[in-house]
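> Quick one: the structure is below, and I'll ask about it shortly.
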Amino acid sequence: MNMVVPKTMDSGVREFLNKFDFSACLVCGTCSNGCPITGTPGMEGWNTRKVMRMLAYGMVDEVVESKFPWLCTGCGRCAYSCPMGIDIPAVMAHMKSMRERDKVPGSLHKGTMNNVDSGNNLAIPKDDYLMGMADLGEEMSEECPGFYVPVDKQDADILFFPNSKEVYGDYEDQFWWWKVFYAAKENWTVPSEGWEAVDWALFTGNYEANKVLAQRKIDYMKKYNIKRMIMPDCGGGSYGCRTGMEKCVLEDPRNEVGFTYLYDYLVQIIREGRIKLDKSVNAGKRFTWHDSCKHGRELARHFGKGFFEEPRWIINQCVDDFVEMTPNRGLNYCCGAGGGMWPAPYEDESAWHARHKYDQIKRSGADVVLVGCSNCRDQIMKRIPKYYTDYKYEVKYIWQLVAETLILEPWEEDMVARAKKEAEAQWEKFGVDTSAEEY
């Protein structure tokens, strides 16, 4: 038997790890039992408990050079269940931060730098973005007279961030939120620049970029005197933004800005009667809810409030047949897409992580799986059915469910006329010719 000899640890790494009392680890294996990585083909012999022991013995380089931290979805089930409360996802994120940037797997680092430099992960030019917003807004106005996408609107009540995959490809996915805003007669806006919802800096352990992206959102809100931003949807977007904003506020309390989570916003406008819903449109289908890791246990653990009951309340305003997956809420299983695993070059490993989620969905007997995260949606809609084929279901965003359940009431004629004038003035200001056949 080979003896493991503890190594001398870099002082910077030791300073970080000293925040976590490794001596408190009971080596009980609870972290490994709840972790989706355990048993991953090609990673035999690796698990969270082993990695924690390796770090305790100073084997930092071995962990950093492995792909284990990159297979970590950051779901937080390990820390949620750890009897000593060790923040293992934060440790894994730090291991990612120590990887040389040119050795970050896949497109994650490139996307992060694109976001820092251009304002979005895909480096979509501003003119293309604005033309797309004008074009899609015009298309939606056929169903919703008077609708347009307000950009850089001064004194808006709500700031909303799209994500680049919707701007670049899944165009019509933007219609769901837009219909909700239209029905609620919301005073809202999107940015003309720096509009990316997703924060891949969180996935790559890039602390500085995470703070830069958060400060950008704060500065924008102050510049345009906006009351609240809707935290971008789950995963890197909202959790990364909240993490970065916390750092910015600690450095300067004047960075405090108003924000709300999508669940609180939807609950508010439903309770206030600003939108009306018709459950009958969803009759004949059974719905279930996937508790996303970051909006649930990780948000609760780090910021004191996770969203478990709010999404269930929203769903029950829209449907009559709702069933739970088990386990759920804080004990729910990760879908396998978190931590950058959806865009990362580890599809087989991510699908292995998803085995528990597929089993949950199948056992629920649901026709429709509802989600509050774009990564979860893509994983459950696209990757899981590719690997697990004997149970069919639909996947929808929770805001898509609300939009599809809306009783859409057209605006009054004077409101439509006013909105058309505002739209014309806005697009003229940005140099977008909406009279052209294609723009």
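The values are calculated or read from the model by the stated rules, or taken from the named source; none is laboratory data. In this text the structure is predicted, and so the values were computed from the model without any measurement. Positions of Cβ are generated from backbone atoms using ideal geometry, with glycine treated the same way; all protein chains shown enter the neighbour counts. Accessible surface is based on the protein model in full, side chains and every heavy atom, while ligands, DNA and RNA are left aside. Shrake-Rupley method; radii C 1.70, N 1.55, O 1.52, S 1.80 Å.
> Cα extents of the stretch 206-318 along the three principal axes, largest first, in whole Å?
Here the spans come out as 51, 29, 20 Å, largest first.
> Based on DSSP, what percent of beta bridges with both residues in the chain are antiparallel, to the nearest 5? If you can, show how the numbers build up before the last one.
Details: 1 of 16 bridges.
Of those bridges, close to 5 percent are antiparallel.
> Given the DSSP H assignment, sum -39500 (n - 2.57) over each helix run of at least 4 residues in the chain and divide by its residue total; what's the result at 222 nm in deg cm²/dmol, nearest 500? Could the numbers behind the result be given before it?
Working: 23 runs with 201 residues, N = 439.
Taken over the chain, the calculation gives -13000 deg cm²/dmol.
> Right, something else. In Å, the Kirkwood hydrodynamic radius of the stretch 317-426 over pairs of distinct alpha carbons? Before the final figure, lay out each step's value.
Numbers: mean 1/r = 0.0613 Å⁻¹.
Its Kirkwood hydrodynamic radius stands at 16.3 Å.
> Further question on the same structure: What's the angle, to the nearest 10 degrees (0 to 90), between helix 309-318's Cα axis and the longest principal axis of the chain?
Around 40 degrees separate the two axes.
> Of all accessible surface on the chain at a 1.4 Å probe, what whole percent is carbon and sulfur? Could you put the intermediate results ahead of the total?
Working: 9480 of 19030 Å².
Summing carbon and sulfur atoms, their accessible area is 50 percent of the total for the chain.
> Mind pulling the angle between the C-alpha long axis of helix 126-140 and the longest principal axis of the chain? Nearest 10 degrees, somewhere in 0 to 90.
In the chain, helix 126-140 runs at an angle near 60 degrees to the longest axis.
> Dipole magnitude of the stretch 140-273 about its Cα centre, charges +1 at Lys/Arg Cβ and -1 at Asp/Glu Cβ only, in debye to the nearest 20? Before the final figure, lay out each step's value.
On the way: 15 positive and 22 negative charges, 81 e Å.
Using Cβ point charges on Lys, Arg, Asp and Glu, the stretch 140-273 gives about 400 debye.
> Right, another one. Between the stretch 233-284 and the stretch 134-183, how far is it from one alpha carbon centroid to the other, in angstrom?
So the two Cα centres are separated by 17 Å.
> Loop-only chymotrypsin sites (Phe, Trp or Tyr not before Pro) in the stretch 249-335, please: DSSP not H, G, I, E or B, and at most 16 other Cβ atoms within 10 Å. Write down the numbers at each step before the final one.
Working: sites: Phe259, Tyr261, Tyr263, Tyr265, Phe287, Trp289, Phe303, Phe307, Phe308, Trp313, Phe322, Tyr333; in loops: Tyr261, Phe307, Phe308, Tyr333.
Loop-located and lightly packed - none at all.
> Moving on. Show which lysines lie in cross-link reach of Lys396 when reach means a straight Cα distance below 23 angstrom and same-chain residues fewer than eight apart are skipped.
Once the sequence-local lysines are set aside, what remains near Lys396 is Lys165, Lys179, Lys276, Lys279, Lys285, Lys294, Lys357, Lys362, Lys382, Lys386.
> How about the stretch 270-361: which GluC sites (Glu not before Pro) there are in a DSSP loop, with at most 10 other Cβ atoms within 10 Å of their Cβ?
Filter output for the stretch 270-361: Glu272.
> Next question, about the same structure. Hey, what's the Kirkwood Rh for the stretch 101-153 if you take every pair of different alpha carbons, in angstrom?
Working: mean 1/r = 0.0762 Å⁻¹.
Hydrodynamic radius (Kirkwood, Cα pairs) of the stretch 101-153 is 13.1 Å.
> Just report the Cα centroid separation between the stretch 37-93 and the stretch 411-437, whole Å.
Each part's Cα centre sits 53 Å from the other's.
> At most 16 other Cβ atoms within 10 Å and a DSSP loop assignment: could you name the trypsin sites (Lys or Arg not before Pro) in the stretch 128-188 that fit? Could the numbers behind the result be given before it?
Numbers: sites: Lys153, Lys165, Lys179, Lys185; in loops: Lys153, Lys185.
In loop regions of the stretch 128-188 (DSSP not H, G, I, E or B), the sparsely surrounded trypsin sites (Lys or Arg not before Pro) are Lys185.
> Please build a GNM for the chain, connecting alpha carbons under 10 Å apart, and tell me which residue among Ser164, Ser374, Ser11 fluctuates the most.
Ser11
> Cross-link candidates for Lys110: which aspartates and glutamates have Cα within less than 14 Å, leaving aside residues fewer than 8 places away along the same chain?
The reachable aspartates and glutamates, counting only those whose Cα sits under 14 Å from Lys110, are Glu100, Asp102, Asp199.
> Here is a follow-up. Residues with beta-carbon under 11 Å from that of Ala156, excluding Ala156: net charge, scoring Lys, Arg +1 and Asp, Glu -1? List each step's numbers first, then the result.
Working: positive: Lys153, Lys227, Arg228; negative: Asp152, Asp155, Asp157, Glu186.
Cβ neighbours under 11 Å give a net charge of -1.
> Another question about this same structure. Hey, got the dipole for the chain? About the Cα centre, +1 on K and R Cβ, -1 on D and E Cβ, debye to the nearest 20? Mind showing how you got there, number by number?
Values: 54 positive and 65 negative charges, 430 e Å.
For this selection, approximately 2060 debye.
> Please give the helix 355-364 orientation as an angle from the longest Cα principal axis of the chain, in degrees from 0 to 90, rounded to the nearest 10.
50
> Extent of the stretch 1-139 along each principal axis, from alpha carbon coordinates, in Å, largest to smallest?
Here the Cα extents, ordered largest to smallest, are 68, 31, 29 Å.
> Once you list every other residue whose beta carbon is under 11 Å from the beta carbon of Gly205, what net charge do they have if Lys and Arg are +1 and Asp and Glu are -1?
Working: positive: Lys96, Arg99, Arg101; negative: Glu208.
In short, +2.
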